[in-house]
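The values are calculated or read from the model by the stated rules, or taken from the named source; none is laboratory data. In this text the structure is predicted, and so the values were computed from the model without any measurement. Reconstructed Cβ throughout: ideal geometry from the backbone, glycine too, with neighbour counts over all protein chains shown. Side chains included, ligands, DNA and RNA excluded: accessible areas come from the protein's heavy atoms. Shrake-Rupley method; radii C 1.70, N 1.55, O 1.52, S 1.80 Å.
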Amino acid sequence: MAFFKGTPLTAKNGTNVIIRSASKDDAKHLIDLGKAIAREKIYTMTEVDEIPSDVSEEVKWIEEYLNNTNNLLLVAETDRKLIGVCDFKAGSRKRISHTGYLGLGVAKEFRGVGIGEFLLSILIEWAKAHERIEKVCLTVHHGNDRAQALYKKFGFVEEGVKRRDVKYSEQKYVDSILMALFVKT
């Protein structure tokens, strides 16, 4: 089980935050956070109606992380409210088990104050200490300059572009930028 008990941190705006591993008790709150982020209709792969409303489904998703030492699911919490999430899932085949993909989301009202940095920093430190993980990968939408700047700040480099990868509507496509960070050399 990959588990991070958490530590108190202070965001740039003075908000007290705890970054910790998600628990099954977070299921409803993760659904709410995911739907709030998806309602913005930008920079996400998931539409609101694709996020399960059934708490038991979300509990199963959380258990996938809790039951696999190669995966990690972190949450950012303030005043018992989830304001951010970062997940990492390692490759499921032997030849790609040294790599994995991360996802990161922060509630709109808490962006720009360091929550994403906290989550990403803890994930990277975990990956560096992990016996198997060598490479952390991600996909970011072209035009999401704030996210790209954050990833570059942590040493992620662009590895490629998937043209017209995300379809927002019949007429609007967005390229996906593939980025990665080697945590071991």
Among the residues of segment 78-100, is any touching a Lys or Arg at 6+ places or on another chain (Cβ under 8 Å), within 22 Å of E40 (Cβ to Cβ) and either of a type in the set (A, V, I, L, M) or open to solvent by 80 Å² or more (accessible area, probe 1.4 Å) (or both)?
no
Given the options G105, G114, name the one that is modelled with pLDDT of 95 or more and in contact with a Lys or Arg (Cβ under 6 Å, 6 or more places away or on another chain).
G114
Of all residues in segment 7-29 being in contact (Cβ under 8 Å) with a residue 60 or more places away in the chain and either assigned to a strand (DSSP E or B) or aromatic (F, W, Y) (or both), which is nearest to E57 (Cα to Cα)?
I19
Sort out which residues of segment 36-60 are hydroxyl-bearing (S, T, Y) and within 17 Å of S176 (Cβ to Cβ), and write them in order of number.
Y43, T44, T46
Condition met for S176 (farther than 16 Å from G100 by Cα and open to solvent by less than 20 Å² (accessible area, probe 1.4 Å))
yes
Extreme residue, modelled with the highest pLDDT, among residues of segment 47-58 that are β-branched (V, I, T) and surrounded by fewer than 18 Cβ atoms within 10 Å (Cβ to Cβ)
V55
Note down all Cβ pairs under 9 Å where the first residue falls in segment 115-130 and is closer than 15 Å to A180 by Cα, the second is open to solvent by 40 Å² or more (accessible area, probe 1.4 Å) and of a type in the set (D, E, K, R), and they're at least six residues apart or on different chains.
L120/K153; A127/E134; A127/K184; K128/K184
Y65 - would you say it is touching a Ser or Thr at 6+ places or on another chain (Cβ under 9 Å) and open to solvent by 70 Å² or more (accessible area, probe 1.4 Å)?
no
Considering residues that are over 15 Å from T78 (Cβ atoms) and in a helix (DSSP H, G or I), the number found within segment 31-42 is 6
Among the strands (runs of 3 or more DSSP E) contained in segment 95-185, which hold 1 or more residues that are within 23 Å of L9 (Cα to Cα) and either more than 15 Å from the chain's Cα centre (by Cα) or aliphatic (A, V, I, L, M) (or both)?
99-106
Please go through (1) open to solvent by 20 Å² or more (accessible area, probe 1.4 Å); (2) more than 27 Å from D32 (Cβ to Cβ) for K108 and return the number of the only condition it doesn't satisfy.
(2)
